Amino acid sequence: GPRHIDPRRCISYLTYFGSGLTPRELREPMGLWVYGCDHCQNVCPRNAPWLARDLAPNQKAAAMVEDFRLDKLLHMDAAYFKQHIWPHMFYMSEADLWRWKMNVARVMGNSLDDRYVPELVRALSENTDDRVRGMIAWSLGKIGGSEARKILKKVLRETEGIVKEEVLTALES
């Protein structure tokens, strides 16, 4: 309700503190947020005067756009993270790469953009973390199409556990 939040359902919490796969019922409502969201900052009455100001674009943030492309984040390794991401988000470690990749896969699925299917398929074969692979399966199911369905059927025969559950759910939808 108004002026109350459940921090365990907060987008920021889920994108960088959640320990497993994002709960299914929260994936779509999280929309296109890869990391955090600041929604609470935008609706806080104390911030209204600041948000009403007409500010110039932040040139430092604009210069980082290429480094934060979804495909680059989905396929990043520790070296890429240390060079391009960590200097701006130093409070996260390379041990959290799985979290970044899981969040990016969710965003790609929520975009419903089929140009991400090849990237998701590639990431499915590159990743060993079941949380990432499970979210990739969900995203392929969300985007849909014959190529995504073909890959999901192939993966179904080769997986178990949470990845298999996500593949089955994706194929049912």
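The values are calculated or read from the model by the stated rules, or taken from the named source; none is laboratory data. Just so you know, these numbers come straight off a predicted model, no measurement behind them. Heads up, the Cβs are rebuilt from the backbone with ideal geometry, glycines too, and the neighbour counts pull from every protein chain shown. Just so you know, the surface numbers come from the protein's heavy atoms only, side chains and all, with ligands and any DNA or RNA stripped out. Shrake-Rupley method; radii C 1.70, N 1.55, O 1.52, S 1.80 Å.
Which one of Ala137, Asn127, Ala62 is farthest out on the positive end of the charge dipole of the stretch 56-173, using unit charges on Cβ (Lys, Arg +1; Asp, Glu -1) and the Cα centre as origin?
Of the candidates, Ala137 comes out farthest on the positive side.
Please list, by residue number, every one of the trypsin sites (Lys or Arg not before Pro) in the stretch 1-64 that is coil in DSSP and has at most 14 other beta-carbon atoms within 10 Å.
Arg3, Arg53
How would you classify the chain from its alpha-carbon gyration tensor, with a ≥ b ≥ c the square roots of the eigenvalues: rounded for a/c under 1.5, else prolate if a/b is greater than b/c, otherwise oblate?
Prolate, because a/c is 1.5 or more and a/b exceeds b/c.
Note down the magnitude of the dipole of the chain about its Cα centre, charges +1 on Lys and Arg C-beta and -1 on Asp and Glu C-beta and zero elsewhere, to the nearest 20 debye.
Rounded to the nearest 20 debye, it is 240 debye.
Considering only protein heavy atoms and a probe of 1.4 Å, how much of the accessible area of the stretch 1-75 is carbon and sulfur, as a whole percent?
Answer for the stretch 1-75 is 57 percent, counting heavy atoms of protein chains only.
Which of the trypsin sites (Lys or Arg not before Pro) found in the stretch 115-155 are loop residues per DSSP with 16 or fewer other Cβ atoms within 10 Å of their Cβ?
Loop-located and lightly packed - none at all.
Structure shown: which of Lys82/Lys154; Lys82/Lys142; Lys82/Lys153; Lys101/Lys154; Lys60/Lys82 lie over 25 Å apart, alpha-carbon to alpha-carbon?
The answer is Lys82/Lys154; Lys82/Lys142; Lys82/Lys153.
Computing the accessible area with a 1.4 Å probe over protein heavy atoms, can you report the carbon and sulfur percentage for the stretch 78-173?
51
At 1.4 Å probe size, what's the solvent-accessible area of Asp38? Round to the nearest 10 Å².
90
Where only protein heavy atoms count, and the probe is 1.4 Å, what is the accessible area per residue for the chain in Å²?
61
So what is the calculated 222 nm ellipticity per residue for the chain, using -39500 (n - 2.57) for each DSSP H run with n of 4 or more, over all residues, to the nearest 500 deg cm²/dmol?
Taken over the chain, the calculation gives -15000 deg cm²/dmol.
How much net charge surrounds Glu160 when only other residues with a Cβ under 13 Å from its Cβ are counted (Lys, Arg +1; Asp, Glu -1)?
-1
Working with all protein chains in place, sort Cys44, Cys37 by solvent-accessible area computed with a 1.4 Å probe, largest first.
Most to least solvent-accessible, the answer reads Cys44, Cys37.
Based on the alpha-carbon gyration tensor of the stretch 51-141 and its eigenvalue square roots a ≥ b ≥ c, which shape applies: rounded if a/c is under 1.5, prolate if not and a/b is larger than b/c, or oblate?
Oblate.
Which distance in Å, rounded to a whole number, links the C-alpha centroids of the stretch 73-152 and the stretch 1-30?
What the calculation gives is 18 Å, centre to centre.
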